[in-house]
2 protein chains.
Amino acid sequence: MMRSSDQQVLRKATPVEQGNPADDQRMFRRCLSQYGTGVAIVTTADGASRFAVTVNSFSSLSLDPPLLLWSIDRKSRSFDAFSSCEHFAVNILSSEQIELSRHFSSKITDKFADVDWAPGRFGSPLLSGCIARFECSAEARHDGGDHMILIGRVQQLERFEGMPLIFSQGQYSIPLEHPDAPGEPAAIAAEQPNTLANNVLQMIFNAHHALSEAFDEHRRAEGVSIAVARVLATVHGHPGIKVDAVAGQTYLGQRDAEDAVAELAQKSLLVHSVDGGLRLTPSGAALRESIGERWLAFQNAQLESIPPADISVLMRTLKRLIEQTTQERTATEAVSGE
Amino acid sequence: MMRSSDQQVLRKATPVEQGNPADDQRMFRRCLSQYGTGVAIVTTADGASRFAVTVNSFSSLSLDPPLLLWSIDRKSRSFDAFSSCEHFAVNILSSEQIELSRHFSSKITDKFADVDWAPGRFGSPLLSGCIARFECSAEARHDGGDHMILIGRVQQLERFEGMPLIFSQGQYSIPLEHPDAPGEPAAIAAEQPNTLANNVLQMIFNAHHALSEAFDEHRRAEGVSIAVARVLATVHGHPGIKVDAVAGQTYLGQRDAEDAVAELAQKSLLVHSVDGGLRLTPSGAALRESIGERWLAFQNAQLESIPPADISVLMRTLKRLIEQTTQERTATEAVSGE
């Protein structure tokens, strides 16, 4: 499935957009989000008051001394707390904590009320379920335009099992290991080519990758961004949905969801009703239907040449594999959770 | 496939490791790599000399003014160039540029000789095939322990199509969109439940996710880290391989591969031969075989209850889907590449 590097270069030679970021902040943000990041919640405490911000500006900085950095928006309601605190904690989110990320990005007043946490040794809240936690003393602060850079000296850390949550191109994602790496299912299969079990699993993995890639290229060829397609589908499925709820339904970042809503409103594809809810216009509904039909046609085309009897065996077998995998795991967890 | 949050908390309550990072740099590095990042190559030029470093310390900083930051190891051979340059360019790598990432992390003298690049408007090399490129003036520099922080003011940017390369938990990865997001195959299927095409594709996607997750939990339960399993498999498959080549074969970061080699050597599971190559010891070979057998037993167990005739139809059908997807794409590219 590798393409020749020549074709690669040709396909990518033309920028989707370019310019001076001072002229267009949204363009700058779209370009920045080409760099994938994890998601961290930074916390601090001041007496009985607790503060938290969700950031994707975390970065490792120095091993010796052990330093890390992140930056905070000067407009953040927690800016004063973080600009003067002596300690803070960085909580790295797992792939299962999208909800927690949203919760701490929201405008809820007491964000710690419904969350499982405990104070660390310097008082900063440590959140449960994270895959790493760093308790830091504030080492230095630097000006960073509309943000301030905070450097922390790590005093204590913890690492937990789990996969990281990734934020990439405006969407929450999970990292997929390279399937050809040694020790991964496809590579084990290649090593033992005559083993039926390996061949079947490898085939499922490969089919998934081939279909994902074909689907993605098809969408790009249609010129519809993922954000726009998701917002259209969501507003269609939930007419009257509030702007604030769109990000949650679409698995998009708050700003990316808002940008897509603004783009669709500007093109008269959706409207803000008097009750503050979003609704598709007739042309928005038509675009959404046309996208849906194209995806469906694409998917039907994939199956056109397969005999119906084979499809029914395929369905039955995959269903069985999924069911037994899920059952096994539930059984294991029930035991380990005792 | 969601677990109850109670089980979640129980499973994650105990850290894999914890402590003061000043006592154990490798532990600190493992904790830091729980935060996924993209991969960027930063370049600059000084007359006819060109410099480049591969980093995962990139971060967005400010929208107004448009600032970004990254940090450079004070021990880097390019440190002097970057500590005095007036301009630099940040090139964000796509998921198809693992090789380029390695190339610029390697010790090759003229790294630009075999690479497709062109000078930007301020002279810094811009690399082909990247998904975003930022041409910056050096705005400020700050001390960061064993690194130096560089802040760039973005003067010009470009965005290209493509998926980002992700570096997470020491491995190169690609971001997988949340399958339940609206507009994704599984969600389209849920919206149109009576459409056969959607059901089949959804089933393949779900089977892949269920098997991946089961496989991953199985590996964790065995207590073998991904890095160690991959290095064992690689040295077994390539006896005499040099340490420098292990990272490339395992899709691990250079340091993570070196750490795994060091861990295996310390446990007498592999040895450095007199020719500088790596070889498994008898106990290393035995561990590798035992891991392989466990994976195989796991995979066989998944298929145990499926009738052989169904497996053969499953194989045939998936193979056909993969082949036609790949053929279609090759045909499309041949046209668009003209």
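Of the residues making up the stretch A:231-261, those that are of a type in the set (A, V, I, L, M, F, W, C) and closer than 19 Å to A:Phe167 by Cα number 7. Mind listing whichever residues of the stretch B:222-280 are on the phi > 0 side of the Ramachandran plot and either in contact with a Pro (Cβ under 9 Å, 6 or more places away or on another chain) or free of Cβ contacts under 8 Å to residues at least 24 places away in the same chain (or both)? If the condition is that a residue be on the phi > 0 side of the Ramachandran plot and either in contact with a Pro (Cβ under 9 Å, 6 or more places away or on another chain) or free of Cβ contacts under 8 Å to residues at least 24 places away in the same chain (or both), then B:Gly223, B:Tyr251, B:Ser268 are the ones that fit. State whether one or more residues within the stretch A:102-113 are at positive phi and more than 19 Å from the chain's Cα centre (by Cα). Within the stretch A:102-113, none of the residues are at positive phi and more than 19 Å from the chain's Cα centre (by Cα).
Within the stretch B:224-242, the set of residues being in a helix (DSSP H, G or I) and surrounded by 17 or more Cβ atoms within 10 Å (Cβ to Cβ) comprises B:Ile226, B:Ala227, B:Val228, B:Ala229, B:Arg230, B:Val231, B:Leu232, B:Ala233, B:Thr234, B:Val235, B:His236. Inside the stretch A:120-140, residues that are over 9 Å from A:Ala89 (Cβ atoms) and in a strand (DSSP E or B) make up a count of 5. Entry remark, the stretch B:118-136: residues being hydrophobic (A, V, I, L, M, F, W, C) and either free of Cβ contacts under 8 Å to residues at least 12 places away in the same chain or buried (at least 22 other Cβ atoms within 10 Å of the Cβ) (or both) number 6 in total.
The set of residues from the stretch A:57-112 being assigned to a strand (DSSP E or B) and among the charged types (D, E, K, R) comprises just one member, A:Asp73.
Scanning the stretch B:144-168 for residues that are outside any strand (DSSP E or B) and more than 7 Å from chain A (Cβ to nearest Cβ) yields a total of 2. The lone criterion from (1) surrounded by 15 or more Cβ atoms within 10 Å (Cβ to Cβ); (2) basic (Lys, Arg); (3) without any contact (Cβ under 8 Å) to a residue 60 or more places away in the chain left unmet by A:Arg294 is number (3).
Residue count for the stretch B:107-143 satisfying the condition of being in contact with an Asp or Glu (Cβ under 9 Å, 6 or more places away or on another chain), more than 12 Å from chain A (Cβ to nearest Cβ) and not polar (S, T, N, Q): 5.
Condition check ((1) more than 13 Å from chain B (Cβ to nearest Cβ); (2) under 14 Å from A:Glu135 (Cβ atoms); (3) of a type in the set (A, V, I, L, M)) across all residues:
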{"residue": "A:Val39", "(1), (2), (3)": "no, no, yes"}
{"residue": "A:Val55", "(1), (2), (3)": "no, no, yes"}
{"residue": "A:Leu69", "(1), (2), (3)": "no, no, yes"}
{"residue": "A:Ser84", "(1), (2), (3)": "yes, no, no"}
{"residue": "A:Asn91", "(1), (2), (3)": "no, yes, no"}
{"residue": "A:Ser105", "(1), (2), (3)": "yes, no, no"}
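Exactly one residue among B:Glu289, B:Glu263 is at pLDDT 80 or above, surrounded by fewer than 19 Cβ atoms within 10 Å (Cβ to Cβ), in a helix (DSSP H, G or I) and more than 25 Å from the chain's Cα centre (by Cα), and that residue is B:Glu289. Filtering the stretch B:130-165 down to residues that are within 21 Å of A:Pro15 (Cα to Cα) and among the aliphatic types (A, V, I, L, M), which residue is modelled with the lowest pLDDT? Per the criteria, the residue is B:Met163.
The values are calculated or read from the model by the stated rules, or taken from the named source; none is laboratory data. This is a predicted model, so every value here is computed, not measured. Neighbour counts are summed over all protein chains in view; Cβ atoms, including those assigned to glycine, are modelled from backbone coordinates with ideal geometry.
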